[in-house]
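Here is the structure we will look at.
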Amino acid sequence: MPDFMTVAQRRMTMSRVRRSNTSLEQQVAKLLSTAGVQFRQNARDLPGTPDFVLEVAPVVIFAHGCFWHGHHCRRGRPPATGVDAKDRYWEAKLRANQARDRRISRRVRCLGYSVLTIWACDVANVRRHRTLLSRVTAACGRKIKT
Ligand SMILES: [Zn+2]
């Protein structure tokens, strides 16, 4: 799909995306609380300041917007790439974000944590919440020593 937006329109859309990312974290927090999962938010003591660190097991959760973090879904599809500077700018920016995410995940794993990514498209779809939570409990289960 071609990127039909002008730079100004794109910028406006992005600012909206960023704002909704804040509420994405709130939605995930609510989801976890409802399931009785205890956590702390914005762990500045860990690489990349994970959005959530669970109390029951060394599991961290990143809540990611699909566009910014390049999810393989409809929302995460990057703008069409072409030869002009605007296209190259977006391609480079989104790739840099993904590379950063991978680097951060690796560093957090090295400290003994499991890393889960929760995507905005899954949070937006109520029917996927059960699957989301089972991924969370599965990650905890693997980490809890019995
Ligand atoms: Zn997605």
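The values are calculated or read from the model by the stated rules, or taken from the named source; none is laboratory data. Predicted, not measured: the structure shown is a model, and the values here were computed from it. Cβ atoms come from the backbone with ideal geometry, glycine included; neighbour counts cover every protein chain shown. Note: accessible area is taken over every heavy atom of the protein model, side chains too, but ligands, DNA and RNA are not part of it. Shrake-Rupley method; radii C 1.70, N 1.55, O 1.52, S 1.80 Å.
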Next on the checklist: Normalised by the empirical 2.2 N^0.38 Å for globular proteins, what value does the Cα Rg of segment 67-141 take?
Outcome noted: 1.36
Item to check | Accessible area of segment 28-100 belonging to carbon and sulfur atoms, whole % at 1.4 Å probe | outcome: 49
Checklist entry - Which residues in segment 23-50 place their backbone N less than 13 Å from a point set 7 Å from the Cα of residue 107 along the Cα-to-Cβ direction? => result 44-50
Checklist outcome for this item: With every protein chain kept in place and a 1.4 Å probe, segment 92-146 has an accessible area per residue in Å² of 68
Next on the checklist: Distance between the C-alpha centers of segment 25-76 and segment 102-146? Whole Å please.
Outcome noted: 8
